[in-house]
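Here's the structure, in structure tokens; my notes come after.
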Amino acid sequence: MPGTQRQPTLDIDDNGVAELDLWCTNVKTRLVVVADTITVVVGPKTERACPPDQARADADMLAALAAVTNWRLDEDVLVLTGGAAPLRFRVQTN
């Protein structure tokens, strides 16, 4: 996102409960994985004040996440596919 160094993060625990931290919104989600298919169930959101362009980016990301149907790992990148464009989250190594 231009004008910010902040990048969305997705933190997934062993039970499929995940926390998605976007530009303005923090969202609790549940990931249901069967083989290479995935369903993302979006839960409660916590929103922070931010510029309108970042709020739109959050809404776009949540819509894209709702369209995800498949996943794969490409080296250290989690790739979620099935929507208009793949979503990529780098596996954190720290």
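FYI, it's all coordinate maths here, none of it is from the lab. Since the model is a prediction, treat every value here as computed from it, not as a measurement. Cβ sites come from the backbone with ideal geometry, for glycine too, and all protein chains shown count toward neighbours.
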Worksheet item: Expressed as an acute angle from 0 to 90° and rounded to the nearest 10, what is the orientation of the C-alpha long axis of helix 52-66 relative to the principal long axis of the chain?
Response: 20 degrees
Worksheet item: In 10 Å bins starting at 0, how do the alpha-carbon pair distances of segment 9-90 split up by percent?
Response: 18, 53, 25, 3
Fill in: Relative contact order (percent, whole number), the chain, Cα cutoff 8 Å, 6+ residue spacing
18 percent
Worksheet, complete the sentence: Measuring from its Cα centre, the chain shows a charge dipole (+1 at each Lys and Arg Cβ, -1 at each Asp and Glu Cβ) which, in debye to the nearest 20, is 240 debye
